[in-house]
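Asks: First the structure, which I've put down as structure tokens, then a few questions once you've had a look.
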Amino acid sequence: MAQTTFDEDDLFEEATQEMQAEVDDALARARDAVPDTDIVLTSDEDDLDAILNALSSTLDTEEIETALEDAQKAFVLGQRADAFDNEYITETQAAIETLTETVDTLHAIDAAATDLNEALTRFETIDTRPQGDTGTADTTPSDDESPAQSDSQGALTETTSE
């Protein structure tokens, strides 16, 4: 918007409109960066590990957080300058709160997917033991070892055969 006069009220009104546009643009960028529910909940992958990896890459929140931070900076500046009306303040605060909650939820989903992926990896490691291997040590004494016996207090003592 081109300014033809230097009236302070007109300049303030123009600056307010520009600031609101900056806030609105940043909020729109943040909303656009939120992945669609369909993208988060569906996958073309067949195995769970691939699905979890695809989910983690889908949940990158950096772009959302950057746009949200830009919106908050411009909003706080305009609010402190008393440039915005109450309705705009209420709507913008609600939008910022909703986007903040969305980012928190996406972080929680990503953390859960990462934890599940790590647990599956540990399970796969355990599950790859040879058949019949119980994972416990063999405690049967060999021919050259003496069997252990317990004394009257329950302490193990070694017996020797002569």
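None of the figures in this text is laboratory data; all of them are computed from the coordinates on show. The structure displayed is predicted, hence computed values, not measured ones. Reconstructed Cβ throughout: ideal geometry from the backbone, glycine too, with neighbour counts over all protein chains shown.
Asks: With N residues in the stretch 12-129, what two-decimal value do you get for its Cα radius of gyration over 2.2 N^0.38 Å?
Replies: Rounded to two decimals, the normalised Rg is 1.45.
Asks: Okay, moving on. How much length would be gained if the chain were fully extended between GLU97 and ASP60, taking 0.36 nm per residue of separation minus their Cα-Cα distance, in nm to one decimal?
Replies: That works out to 11.4 nm of additional length.
Asks: Ok, one more. Could you tally the net charge around GLU97, taking each other residue with its Cβ under 13 Å from the Cβ of GLU97, Lys/Arg +1 and Asp/Glu -1?
Replies: Result for the neighbourhood of GLU97: -3.
Asks: Starting from the Cα of ASP9, step 7 Å along the direction of its Cβ; do the same at ASP36; then give the gap between the two resulting points in nm.
Replies: 4.8
Asks: Be a star and scan the stretch 76-108 for residues whose amide nitrogen sits under 17 Å from the point 7 Å along the Cα-to-Cβ vector of GLN17.
Replies: Under cut-off, by backbone N: 83-85.
Asks: Would you mind getting me the FRET efficiency between GLU124 and LEU77? Use the beta-carbon distance for r and R0 = 45 Å, nearest 0.05.
Replies: It comes out at approximately 0.30.
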